[in-house]
Amino acid sequence: MNSLVFLLKKIKPNLLLNFFLNSSVNIVNSIFFVLLIPILIERLGIDKLGLFVYINAIISYLGFIINFGLDQIVTKKLLYESKNEIELIRSVIFIRVFIFLLIYLFLLFLGFAFKVGNIGLYQIASLQLISVAIIPIWYYQAVHRQKFYTISLVVSRFLTFLFILFYLKDDIYFIFEIFTINSAILSLVTLLNINKSVGKIFKSPNWILSKLLIIEALPIFLSGLIGSLKEFGVPLIIGSFVGLSQLAAFDLANKIILLPRLLLANINVLIWPIVAKKKAEIKLILNKILRIEISLFLLSFLIILFSAQFIIKFLGKNELPTAYLLSLILSISILTYLLVGAIQTFIFIPKGKTNLILLNQFLSFLSFLFACLVFYLFKILNEYTIGLALSFSWLIEILFSVFNLKKIFLNELN
């Protein structure tokens with residue numbers, strides 16, 4: 001309790017507002033997809049819902065590639081190095097749009113050259129990634145100007161939900177078409193807002209700055225690539241080797257823990273400006289943060305334990321009962337996102353130890369593959385054991401981060 005009071009006293013009202021707005025974005029996105037589940041079950045069926053999750057996993061992975069790990073790097077330059085805002089925004093958009101175009105051209109090539117199944121769905125679904133390329137969420141978070149983006153997102157999600165609710169029949173193409181239109185409009189509105197409030201966005205980027213950002217972001221990108229391969233590769237493994245209905249249950253469980261995970265993970269974003277100005281007290285402050293985050297995880301787990309079953313019955317229409325146990329197994333990810341996120345944000349990145357982030361994700365990925373291989377060899381590979389393999393890999397991330405944190409502090413004492 002004293003640790004919580006210690007930090008709250010140092011948090012300014014504008015930071016609390018930014019935390020609320022940032023949390024609102026994550027809550028809106030999470031609730032949006034959760035509310036879609038009963039509609040999709042009723043109109044598409046369990047198997048098509050599984051196909052929707054399967055395709056969405058691939059699109060999300062492509063989104064990680066487009067993001068390129070730039071958010072943390074450009075935020076650091078904005079907070080620590082006072083780089084020009086509009087030049088950073090132009091360079092980030094240029095890099096991400098370029099990657100987006102390469103990915104889309106590759107999907108078009110697959111469609112023409114190899115006639116990949118459902119490639120039309122992937123092509124339509126991937127167009128929504130234009131919002132990942134264009135919208136500088138990192139900027140709104142760093143300068144505490146999230147009100148515009150939060151309102152825009154809430155309105156767009158609400159309208160998208162209404163379109164799906166009233167017009168979706170049994171056509172899975174329709175969902176991705178609506179998502180794409182929504183992303184295009186939101187991206188255009190954001191560009192116009194940046195052009196008006198920050199500076200002329202429709203200019204050539206700073207090529208030297210763009211090159212520098214790519215070099216600095218590469219270790220974080222590779223780390224995120226491996227981490228997202230594990231997280232979003234799971235639906236592909238379940239969909240391919242277990243079944244689409246089991247994938248639908250896994251996805252529902254994942255969405256239940258996603259809300260507290262995203263909400264609590266924003267605590268590190270909230271506290272970062274405070275910690276950045278208290279370098280001399282970093283060890284004391286970080287210890288307090290980690291203790292608070294462990295307490296928050298335990299509270300979240302208890303809430304999931306006693307409420308998840310009722311939520312699953314309501315959303316899954318009694319079609320996905322296995323999601324309850326899965327939600328308990330996957331809840332360890334909340335603790336991982338909190339502790340590992342704090343150590344990386346406050347220690348590894350400011351001290352230039354981004355190589356540790358990459359190594360951590362690599363070890364986590366290997367531990368996940370090893371656990372899956374063991375379960376496969378013993379012929380017990382299913383949605384539950386895949387969830388256990390994920391939890392095992394998350395525990396490896398925590399142990400690795402804590403070990404290297406202590407090593408860094410020990411070296412500084414010497």
*Test result for Asn318, surrounded by fewer than 20 Cβ atoms within 10 Å (Cβ to Cβ) and part of a helix (DSSP H, G or I)*: no
*Exactly one of (1) farther than 17 Å from Tyr149 by Cα; (2) of a type outside the set (S, T, N, Q); (3) under 26 Å from the mean Cα position of the chain (by Cα); (4) surrounded by 17 or more Cβ atoms within 10 Å (Cβ to Cβ) is unmet by Leu191. Its number?*
(1)
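Looking for whichever is surrounded by fewer than 22 Cβ atoms within 10 Å (Cβ to Cβ) and in contact with a Leu (Cβ under 9 Å, 6 or more places away or on another chain) here; the options are Ile349, Ile343, Ile396, Ile334. Which one fits? First the steps, then the outcome.
Numbers: Ile349 fails: in contact with a Leu (Cβ under 9 Å, 6 or more places away or on another chain); Ile343 fails: surrounded by fewer than 22 Cβ atoms within 10 Å (Cβ to Cβ); Ile334 fails: surrounded by fewer than 22 Cβ atoms within 10 Å (Cβ to Cβ).
Exactly one residue qualifies, and that residue is Ile396.
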*For Tyr384, work out the one condition from (1) assigned to a helix (DSSP H, G or I); (2) without any contact (Cβ under 8 Å) to a residue 60 or more places away in the chain it doesn't fulfil.*
(2)
*Out of Phe409, Phe301, Phe403, sole residue that is in contact (Cβ under 8 Å) with a residue 12 or more places away in the chain, over 26 Å from Phe33 (Cα atoms) and in a helix (DSSP H, G or I)*: Phe409
*asked:* Six or more apart or on different chains, Cβ atoms under 9 Å: show the pairs whose first residue is in segment 139-152 and aromatic (Phe, Trp, Tyr) and whose second is exposed (fewer than 15 other Cβ atoms within 10 Å of the Cβ).
replied: Tyr140/Lys147; Phe148/Ser197
*Only listed residue being touching a residue at least 24 places away in the same chain (Cβ under 8 Å), farther than 30 Å from Gly387 by Cβ, under 24 Å from the mean Cα position of the chain (by Cα) and not in a loop (DSSP other than H, G, I, E, B), chosen from Leu222, Leu247, Leu218, Leu229*: Leu218
*Any idea which of (1) of a type outside the set (A, V, I, L, M); (2) over 24 Å from Phe52 (Cα atoms); (3) not in a helix (DSSP H, G or I) is the one Ser91 doesn't satisfy?*
(3)
*Using beta carbons and a limit of 6 Å, which pairs, at least six apart or on different chains, have the first residue in segment 309-321 and at negative phi and the second one of a type in the set (Phe, Trp, Tyr) and surrounded by 12 or more Cβ atoms within 10 Å (Cβ to Cβ)?*
Gln309/Tyr324; Ile312/Tyr324
*asked:* Which residue is modelled with the lowest pLDDT, if the candidates are limited to segment 348-360 and must be under 18 Å from the mean Cα position of the chain (by Cα) and closer than 11 Å to Phe221 by Cα?
replied: Leu358
*Would you kindly identify the helices (runs of 4 or more DSSP H) lying entirely within segment 116-169 that contain at least 2 residues that are more than 20 Å from the chain's Cα centre (by Cα) and more than 18 Å from Asn182 (Cβ to Cβ)?*
119-126
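Out of the residues in segment 355-393 that are aromatic (Phe, Trp, Tyr) and over 15 Å from Leu335 (Cβ atoms), state the one that is surrounded by the fewest Cβ atoms within 10 Å (Cβ to Cβ).
Just the residues of segment 355-393 that are aromatic (Phe, Trp, Tyr), to begin with: 362, 365, 368, 370, 375-376, 378, 384, 392.
Pick out the ones that are also over 15 Å from Leu335 (Cβ atoms) and you get 362, 365, 368, 370, 375-376, 378, 384.
Details: Phe362: 15, Phe365: 22, Phe368: 25, Phe370: 14, Phe375: 17, Tyr376: 15, Phe378: 9, Tyr384: 17.
If we take residues in segment 355-393 being aromatic (Phe, Trp, Tyr) and over 15 Å from Leu335 (Cβ atoms), then Phe378 is surrounded by the fewest Cβ atoms within 10 Å (Cβ to Cβ).
Just for segment 273-299: of the residues that are closer than 22 Å to Leu395 by Cα and basic (Lys, Arg), which one is modelled with the lowest pLDDT? Give the steps one after another, and end with the answer.
Going through segment 273-299, the residues closer than 22 Å to Leu395 by Cα turn out to be 286-299.
Next cut, basic (Lys, Arg) only: 288, 291.
Numbers: Lys288: 85, Arg291: 91.
Per the criteria, the residue is Lys288.
Can you tell me which residue among Ile357, Ile329, Ile398 is farther than 22 Å from Ser300 by Cα, touching a residue at least 12 places away in the same chain (Cβ under 8 Å) and not in a loop (DSSP other than H, G, I, E, B)? Full working, then the answer.
Values: Ile329 fails: farther than 22 Å from Ser300 by Cα; Ile398 fails: farther than 22 Å from Ser300 by Cα.
So the residue among Ile357, Ile329, Ile398 that is farther than 22 Å from Ser300 by Cα, touching a residue at least 12 places away in the same chain (Cβ under 8 Å) and not in a loop (DSSP other than H, G, I, E, B) is Ile357.
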*Can you confirm whether segment 123-136 contains a residue that is of a type outside the set (A, V, I, L, M) and more than 30 Å from Lys76 (Cβ to Cβ)?*
yes
*Give me a count of the residues in segment 367-413 that are touching a Ser or Thr at 6+ places or on another chain (Cβ under 7 Å) and among the hydroxyl-bearing types (Ser, Thr, Tyr).*
2
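The values are calculated or read from the model by the stated rules, or taken from the named source; none is laboratory data. Every value quoted in this text rests on a predicted model; they were computed, and no experiment measured them. No Cβ is skipped: glycine too gets one built from the backbone with ideal geometry, and neighbour counts run over all protein chains shown.
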